[in-house]
1. Quick one: Cα convex hull volume of chain A, Å³ per residue?
2. Write down the radius of gyration of segment A:78-153 and its Dmax, each obtained from C-alpha positions, in Å.
3. For A:Ala36 paired with A:Ala24, estimate the spin-label separation in nm (one decimal), with each label point 7 Å from Cα along the Cα-to-Cβ line.
4. Probe of 1.4 angstrom, ligands and nucleic acids ignored: what's the accessible area per residue over chain B, in square angstrom?
5. Would you mind calculating the gained length between A:Ser51 and A:Ala98 on full extension (0.36 nm times residue separation, minus the Cα-Cα distance), in nm to one decimal?
6. Counting only protein chains, not ligands or nucleic acids, how are A:Ile106, B:Ile45 ordered by accessible area (probe 1.4 Å), most first?
7. If r is the Cβ-Cβ distance from A:Ala146 to A:Glu124 and R0 is 25 Å, what FRET efficiency results, to the nearest 0.05?
8. Kindly write out, for segment A:47-60 in residue order, the coupling ³J(HN,Hα) from the Karplus curve 6.51 cos²θ - 1.76 cosθ + 1.60 (θ = phi - 60°), rounded to whole Hz, with x marking Gly and Pro.
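The values are calculated or read from the model by the stated rules, or taken from the named source; none is laboratory data. What you see is a predicted model, and the numbers here were worked out from it, not measured in a lab. Every residue, glycine among them, receives a Cβ derived from its backbone with ideal geometry; neighbour counts consider all protein chains shown. Note: areas computed on protein heavy atoms with side chains; ligands, DNA, RNA excluded. Shrake-Rupley method; radii C 1.70, N 1.55, O 1.52, S 1.80 Å.
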Amino acid sequence: MGCDAERVAAVLRAGGASVAEHKAELIELDRAIGDADHGENLDRGFAAVLSSLDAGVPETPGAVLKTAATTLISKVGGAAGPLYGTAFLRAATKLGDASELDAAAIATGLRAALDGVVARGKAEVGDATMVDALAPAVEAAERSHADGGDVAAVLSAAADAAKEGADSTVPLTARKGRASYLGERSVGHADPGATSTALLLRSFAEAAR
Amino acid sequence: MSGERVALVVVSHSGGLADGVAEVAAQMAPDVTVRPAGGLSDGGIGTDFEAVLAAVTEADTGSGVVVLYDLGSAQMTAEMAVESLPEPEAAVVVDAPLVEGAIAAAVSAQGGGDRAAVADAARAAAGRSEVTDTAESADGADSEDAAAAESGAKAEITLANEVGLHARPAALLARCVADVDADVRITLGDTEADARSVFSLMSLTARKGDTVVVTATGTQAEDAIARITALAERNFDE
Ligand SMILES: Nc1ncnc2c1ncn2[C@@H]1O[C@H](COP(=O)(O)OP(=O)(O)OP(=O)(O)O)[C@@H](O)[C@H]1O
Ligand SMILES: [Mg+2]
């Protein structure tokens, strides 16, 4: 009971719907400590991903993720573009041409995604970025898989941990990205990218159930 | 001609900013290709991967490309664009102040610097101490190689051109000694400037009527002095 290409496409569509639904909230978070475009950027990117999936779903989960990656890289226009783009690209490369993804593949793919974001943006846990959501999500996914969790359980564990990780950015001083220019004044706000990571993983988990 | 020189790409969140930086840099380096890649395709603020990739691809005429960026996603987008080239080694993304770095890189490229030299010139524009105080650097003078002193040359030049060693004349001066095998210094009063550095030269704020001392050491020291003297005699082509 793995995820085939159609299922992965459905999961991404759910992610796009969630981004559209929370666009205003992401914009407000980014207004507080950035340039108020994170919701706009991601929505533009995911809308393009969805229309490309509408035009045709590639054959393998890896190819679907690769389409998402290249589309996000081209369309987002802010830091989230190269970061999420690299995340999806690394996951796609790691998953190769497998026709279905099982729980182990999901955990492996998430790990590759995190490695990609860190390689691209050079942020560490505690810098108040999307890494603060994604890093604990990967660890939770790996734990869940080790405990025998299925695809839905692994993604759900990742989503829970990502939400906690996003909340943990509130008291932090941002050390990467635009918010880092605010120094201490970034304290007291949730990081937009960490929040969108948590939202995406939540919607992926629900769509994979 | 431009095919032999390293090209530059200026990546910015703003189309206006990228265009402006490219314009200012190109003015100092007439034979260098400087391509701006700024803003989103709809004119909004942001970085456009495809525009950056196109600029890097079009700029490269065979000698490689040095890419400068303003901040954040511009760096990441530039790095992704370079990684996706058929030959990623053809381009390098440098961490440098955008305006000063672009100008320093343009001058270096105009002088025939290779990709590594042009990239270094851009990086060196960061936090450069613009002039070296001769009083402070006097320490090292004693230990300076006697042989180097032998191949040294010196001249005094009184600036007759209207603007003195301002941006354009400074760029011309730096360019005329860019490929000479000699260390060339220009001194005005107590302050000394590296003749290859436009910023260093401009920081002397040497004006019309000022007399500067040009010293060169190295195998082509005489040649360096001759070129600078000739340039000054032509009133920096003003
Ligand atoms: N170096 C980085 N490493 C990890 N995450 C980062 C980094 N820089 C920014 N981010 C994440 O990106 C989010 C902001 O995304 P957004 O799309 O708003 O980009 P931006 O900062 O406006 O882009 P730009 O760099 O073009 O100004 C931040 O909340 C943070 O989570
Ligand atoms: Mg933003």
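1. 90
2. Considering segment A:78-153 through its Cα atoms, Rg and Dmax are 12.6, 38 Å.
3. Each label point lies 7 Å from its Cα, and together they span 1.5 nm.
4. 45
5. Stretched out fully, the A:Ser51 to A:Ala98 stretch lengthens by 14.5 nm.
6. On the way: A:Ile106 25, B:Ile45 110 Å².
The most accessible residue leads, giving B:Ile45, A:Ile106.
7. E between A:Ala146 and A:Glu124, to the nearest 0.05, is 0.55.
8. 4, 5, 4, 5, 5, 6, 5, 5, 6, x, 8, x, 6, 10
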